[in-house]
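For reference, the structure discussed in these notes is given below.
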Ligand SMILES: [Mg+2]
């Protein structure tokens, strides 16, 4: 096994599974932190701030992390916007966490059709009227950015439509294709690698979902480790093409070297 200097780690399915704990993953992460190995947790979920994610990991999973170790699809998007849309007005289709982060990054919210660009994430209280306003902004020339295009989100009432379903609605109505930042797209991985301040060859990406985590890693030219504690099942591994660099049953099988 090769030695890696830093890690990008998915959360749900990799570090925990819904509300269930994965003790082998917690041990692995605590070992990384104790050895001061640079790492970033990379999550598509744009409905929570890094502070909220870190608080949850500390409280429920005994994983002692700081908010600066969490990289969400909304942060990847904001890192991009700071360079490319500086000083411009944004129409937001998304939850409070996304709006707060955009405002903190210096962007002025403008929920009219006059906004310069539109940012969309999961918005659980979206209405036909609010989505109609968003479509108006797009038809009026606002650039179209999306945090993540997850298809479904697990809830207490079963699987519900996730961010990508809203993207499909806006995209269909406007006839426009967005720039997407979350996995399986590469921008979130590129942004997270930058934070580690390491070369790509020295970084390993760990995730449980071949279609999102591993695909994003491959898109970004990183070595990948598929862990079979979440979405992708052992019987699927043989057919995966291109294959992940490594596959393990759980993270107790991965030696830090
Ligand atoms: Mg996952």
Could you go through segment 101-112 and let me know if any residue there is buried (at least 20 other Cβ atoms within 10 Å of the Cβ) and closer than 19 Å to residue 176 by Cα.
no
Please verify whether residue 176 is surrounded by fewer than 19 Cβ atoms within 10 Å (Cβ to Cβ) and either in contact with a helix residue (DSSP H, G or I) (Cβ under 6 Å, 6 or more places away or on another chain) or in a loop (DSSP other than H, G, I, E, B) (or both), treating the condition exactly as stated.
yes
Residue hits (segment 14-35; surrounded by 14 or more Cβ atoms within 10 Å (Cβ to Cβ), in contact (Cβ under 8 Å) with a residue 60 or more places away in the chain and outside any helix (DSSP H, G or I)) are 14, 17, 22
Given the criterion modelled with pLDDT of 95 or more and farther than 22 Å from residue 50 by Cα, identify the matching residue among 107, 144.
144
Counting residues that are closer than 17 Å to residue 73 by Cα and within 16 Å of the ligand (Cβ to nearest atom), which strands (runs of 3 or more DSSP E) fully inside segment 200-248 reach at least 1?
203-207
Read through the list (1) within 24 Å of residue 70 (Cα to Cα); (2) modelled with pLDDT of 95 or more, then give the number of the only condition that residue 173 fails.
(1)
Any hit, segment 149-160, residues being away from the ligand (no atom under 16 Å from the Cβ), at pLDDT 95 or above and either in the same structural domain as residue 40 (by TED's automatic domain parsing) or touching a strand residue (DSSP E or B) at 6+ places or on another chain (Cβ under 7 Å) (or both)
no
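A quick yes/no check of all residues on (1) within 27 Å of residue 149 (Cβ to Cβ); (2) away from the ligand (no atom under 16 Å from the Cβ); (3) out of contact with any strand residue (DSSP E or B) (no Cβ under 8 Å at 6 or more places or on another chain):
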{"position": "1", "(1), (2), (3)": "no, yes, no"}
{"position": "17", "(1), (2), (3)": "yes, no, yes"}
{"position": "21", "(1), (2), (3)": "no, no, yes"}
{"position": "42", "(1), (2), (3)": "yes, no, no"}
{"position": "46", "(1), (2), (3)": "yes, no, no"}
{"position": "73", "(1), (2), (3)": "yes, no, no"}
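The values are calculated or read from the model by the stated rules, or taken from the named source; none is laboratory data. Small disclaimer: the values here were computed from a predicted structure and weren't measured. Quick reminder, even Gly has a Cβ in these numbers, built from the backbone with ideal geometry, and neighbours come from all protein chains shown.
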